[in-house]
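Report on the structure given below.
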């Protein structure tokens, strides 16, 4: 299946050329190729680093990939996912302030 066609991006809503090949292996890569434009994929690649750093994901822990995958699905507005993704939940062990894409913390700015 060649991805020379045009897609409507699930993130930005624009019509754009499909990615030339799946950006990650397997069904997830094919799903992204069919639904995400190159510009939004590049944006995710930058955001992915921030998510990994903010959540201090340790990929020696198998749950870390599940957490990152769910953040990616949320970022691209893709439904479903693994066992946690199907229910919309975040796996156990993720700090409360890090349960939304983008971290949810920010700089409180309330110093005395």
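The values are calculated or read from the model by the stated rules, or taken from the named source; none is laboratory data. All values reported here derive from a predicted model rather than from experimental measurement. Backbone-built Cβ (ideal geometry, glycine too); neighbour counts: all protein chains shown.
Can you tell me which residues in the stretch 33-47 are surrounded by 16 or more Cβ atoms within 10 Å (Cβ to Cβ), touching a strand residue (DSSP E or B) at 6+ places or on another chain (Cβ under 8 Å) and part of a helix (DSSP H, G or I)?
Those that are surrounded by 16 or more Cβ atoms within 10 Å (Cβ to Cβ), touching a strand residue (DSSP E or B) at 6+ places or on another chain (Cβ under 8 Å) and part of a helix (DSSP H, G or I): 33, 35.
Say whether the condition of being closer than 17 Å to residue 80 by Cα, surrounded by fewer than 17 Cβ atoms within 10 Å (Cβ to Cβ) and touching a strand residue (DSSP E or B) at 6+ places or on another chain (Cβ under 9 Å) is met by at least one residue in the stretch 12-32.
no
Quick check on my filter: what residues within the stretch 48-68 are closer than 30 Å to residue 6 by Cα and surrounded by fewer than 17 Cβ atoms within 10 Å (Cβ to Cβ)?
48, 49, 50, 65, 68
In the stretch 48-66, what count of residues is obtained for those that are closer than 22 Å to residue 11 by Cβ, part of a helix (DSSP H, G or I) and modelled with pLDDT of 95 or more?
Residues flagged as closer than 22 Å to residue 11 by Cβ, part of a helix (DSSP H, G or I) and modelled with pLDDT of 95 or more within the stretch 48-66 amount to 8.
Could you pull out the residue among 4, 24, 36 that is within 13 Å of residue 72 (Cα to Cα) and at pLDDT below 95?
24
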